[in-house]
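Down below is the structure, laid out as structure tokens.
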Amino acid sequence: MANIAAARIQREFKEVVKSEEVERCKIKVALKNDMYNELEGTIAGPPDTPYAGGTFKLEIKIPETYPFNPPKVKFTTRIWHPNISSVTGAICLDILKDQWAAAMTLRTVLLSLQALLAAAEPDDPQDAVVAKQYKDCQEIFIKTARHWTNIYAGGPHRELDLENKITQVMGMGFDEGKARVALSSHNWDIERATENLLS
């Protein structure tokens, strides 16, 4: 890793670790190695959102060209959100792409990602299926996001009616994860989800 990037990320890492604001928002960062080029971030789901009570892990890779280019960040905890891929965890956020500025820091990135969970941008989606559900069926979106938060991020709210539908589809011989994705993607319509799984 280039000296400028290493020195800068070491300073920013300490800034995040010591920041009271970051601690208050329940955001953490840890080293994956002693080179400072791979970090693991953790953000708490914001209150009054379907992600509340969940803990979401992030993979953060620092490029050699940092801070002139943004870190590469993706969710490793699965999440149902218009701007985050439900499959890969890839994130659509302007500051991680063309709106990045060298003055931005790791703290900015983590706080921006937490803010994104509270304020989705469905017109600039990473996951078109989730964005369509968010715009067309808000109530189903909220239940689905809360269910995924419970299953993958340790969130406290169970959605028993959705769990029962997964059990029904599993009873047809499908794997739980595939059943969850198919049902989530088809607004929990068992017939449509099953057709999708069989196609």
*asked:* With the crude spin-label approximation of a point 7 Å out along Cα→Cβ, what separation in nm comes out for Lys97 versus Glu163?
replied: 3.7 nm
*Grab the eigenvalues of the alpha-carbon gyration tensor for the chain, scale each by 5, take roots, and send me the semi-axes largest first in whole angstrom.*
34, 16, 15
*In nm, spacing of pseudo-spin labels at Gln10 and Cys137 (7 Å Cα→C-beta vector)*: 5.2 nm
_Helix axis angle, 176-185 relative to the chain longest principal axis, alpha carbon, degrees_ = 90 degrees
*Of Lys61/Lys97; Lys26/Lys143; Lys32/Lys143; Lys57/Lys165, which sit over 25 Å apart, Cα to Cα?*
Lys32/Lys143; Lys57/Lys165
*Got a number for the accessible area of Phe13? Probe 1.4 Å, square angstrom, nearest 10.*
30 Å²
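Using the heavy atoms of the protein chains and a 1.4 angstrom probe, tell me the accessible area per residue for region 86-199 in square angstrom. Don't skip to the answer; put the middle values down first.
On the way: 5850 Å² over 114 residues.
Accessible area per residue: 51 Å².
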*asked:* Would region 130-199 count as rounded, prolate or oblate if I go by the C-alpha gyration tensor, calling it rounded below 1.5 in a/c and otherwise prolate when a/b exceeds b/c, oblate otherwise?
replied: oblate
*Check the straight Cα-Cα distances from Lys178 and name the aspartates and glutamates below 16 Å, setting aside those fewer than 8 residues away within the same chain.*
Glu163, Asp189, Glu191, Glu195
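Counting only protein heavy atoms and a 1.4 Å probe, tell me what percentage of the chain's accessible area is made up of carbon and sulfur.
Working: 5140 of 10190 Å².
Whole-percent figure for carbon plus sulfur exposure: 50.
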*Counting each DSSP H run of 4 or more residues in the chain as -39500 (n - 2.57), what helix-only mean residue ellipticity at 222 nm follows after dividing by all residues, to the nearest 500 deg cm²/dmol?*
-13500 deg cm²/dmol
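Please sort 112-119, 19-26, 155-162 by packing, taking for each peptide the average over its residues of neighbouring beta carbons within 10 angstrom, highest first. Before the final figure, lay out the partial values.
Working: 112-119: 17.1, 19-26: 12.6, 155-162: 14.5.
For the peptides 112-119, 19-26, 155-162, the packing ranking is 112-119, 155-162, 19-26.
The values are calculated or read from the model by the stated rules, or taken from the named source; none is laboratory data. Since the model is a prediction, treat every value here as computed from it, not as a measurement. When we count neighbours, we look across all protein chains shown, and the Cβ atoms used for this are built from the backbone with ideal geometry, even at glycine. For the accessible areas, the whole protein counts, side chains as well, though only heavy atoms, and no ligand, DNA or RNA atoms are used. Shrake-Rupley method; radii C 1.70, N 1.55, O 1.52, S 1.80 Å.
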